[in-house]
Amino acid sequence: MRRVFNEHIESARNELQSYESLKISVHNTRKRIKIIRSLLRLLRIRNREPWFEKFNVAFREIAQEFSDMRDAHVYIDSVDLLLEDSTSKLTSFNSGVVRKYVQEHIQDLERRLRNQDTFQNISSSLSDITLIEEMPELENNLCALIDGLEFVYEAGYNNMYRTYLNPSAETFHEWRKSVKHLLHISEFLQVYWPYTASPNPVNLEQLSQALGTEHDLANLQDYIIHLADSTIIDSDTLELFITSIENKRTKLQRTAEHLGKEVYMETAEYFIRHFQSNWRSNKLGA
């Protein structure tokens, strides 16, 4: 676990030193940090809560340095997604004002990132983090991860049912975060303990993508409304955007509901029982 944490921290720092594309550097750095925060949850139990909270907050604050840049690029990608949808009435013509406005915003953000030495400052912050040095001692077996895994799986299971009892942008967002954490943990376990129980990796990846796109469209919807309030786009364009976004979000929510029932088909208690059973069977087989 120490080696994996260190690899992701160093990879994030290397991304910050690559100036081939700010968009790619920001995306890859944020992804590394998200994986770290997911794996922190894998080690989260009661007597490690202060340790978890300290470093979870530290990495979250680092990722937030890029949030404006990430959001701006997502707006562009989400508009393109709507344009590719055959059921949408949006065209490159009536979405052009939004794309132009966002592109100008991105260029302004890139100038600020470079002028303020943001990448260098974040790289220094990553170097200063003492995660590895302060990591608690763990048993050298899978039992050290059971409590954290159950916590993450149960959070996703509960958030799924909360979402469909009270569907809203906020509940879908919370479910999305839980699914993303489980996905990163599942990918980690498949490398180091591939014989342990884990949700269907294909369904889990598809569920994460559906919820991620739904969240991006919800953010785009808020952004478009803001542009309309600022009189940057007219009411007809606003109506076209809102209709296209809501139709696409509805489709994604239905997809997520179907996939969610496949991923979270059993309670956390039974999921962990199967996980432990597979672990014991493999040890006896060995």
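The values are calculated or read from the model by the stated rules, or taken from the named source; none is laboratory data. The structure displayed is predicted, hence computed values, not measured ones. Heads up, the Cβs are rebuilt from the backbone with ideal geometry, glycines too, and the neighbour counts pull from every protein chain shown. Accessible surface areas use protein heavy atoms only, side chains included; no ligands, DNA or RNA. Shrake-Rupley method; radii C 1.70, N 1.55, O 1.52, S 1.80 Å.
Annotations for the structure displayed:
- Rounded FRET efficiency, nearest 0.05, which uses the C-beta distance separating R99 from E269 and R0 of 41 Å: 0.25
- The label point for H73 and the one for F151, both projected 7 Å from the Cα toward the Cβ, are 3.0 nm apart.
- Difference of contour (0.36 nm per residue) and Cα-Cα distance, E134 to R60: 24.9 nm
- The chain: most fluctuating residue of R249, R32, R273 per GNM, C-alpha cutoff 10 Å: R273
- Taking the convex hull of the alpha carbon positions in the chain and averaging its projected area over all directions gives 16.8 nm².
- Accessible area in the full protein assembly, largest first, 1.4 Å probe, for T255, T87: T87, T255
- Here the spin labels are modelled as points 7 Å beyond Cα on the Cα-Cβ line, and at E49 and W193 they lie 2.4 nm apart.
- Karplus-based coupling profile of segment 241-257, in residue order and whole Hz: 4, 4, 4, 5, 5, 5, 5, 5, 5, 4, 4, 5, 5, 5, 4, 5, 4, with θ = phi - 60° in 6.51 cos²θ - 1.76 cosθ + 1.60 and x standing for Gly or Pro.
- Highest GNM mean-square fluctuation among Q103, Q116, Q206, for the chain modelled with Cα contacts below 10 Å: Q116.
- Between Y157, Y101, Y75, the Gaussian network model of the chain with springs among Cα atoms under 10 angstrom shows the greatest mean-square fluctuation at Y101.
- C-alpha long axis of helix 96-115 to longest principal axis of the chain, angle in °: 60 degrees
- Length gained when the stretch Q116-V202 is fully extended (0.36 nm per residue, less Cα-Cα span): 26.9 nm
- Crossing angle, helix 201-229 versus the chain [Cα axis fit, 0-90 degrees, rounded to tens]: 30 degrees
- Residue ranking by accessible heavy-atom surface, 1.4 Å probe, largest first, among I185, I232 comes out as I232, I185.
- The accessible area of M265, taken with all protein chains in place and a 1.4 Å probe, comes to roughly 140 Å².
- With respect to the chain, whose longest principal axis is taken over its alpha-carbon atoms, helix 118-128 is tilted by about 10°.
- Set K177/K251; K23/K177; K34/K100 screened for pairs whose C-alpha atoms are more than 25 Å apart: K34/K100
- Applying 0.36 nm per residue to the separation of I242 and R2 and subtracting their alpha-carbon distance, the gain on full extension is 81.8 nm.
- For the chain, the solvent-accessible area of protein heavy atoms averages 53 Å² per residue (probe radius 1.4 Å; ligands and nucleic acids excluded).
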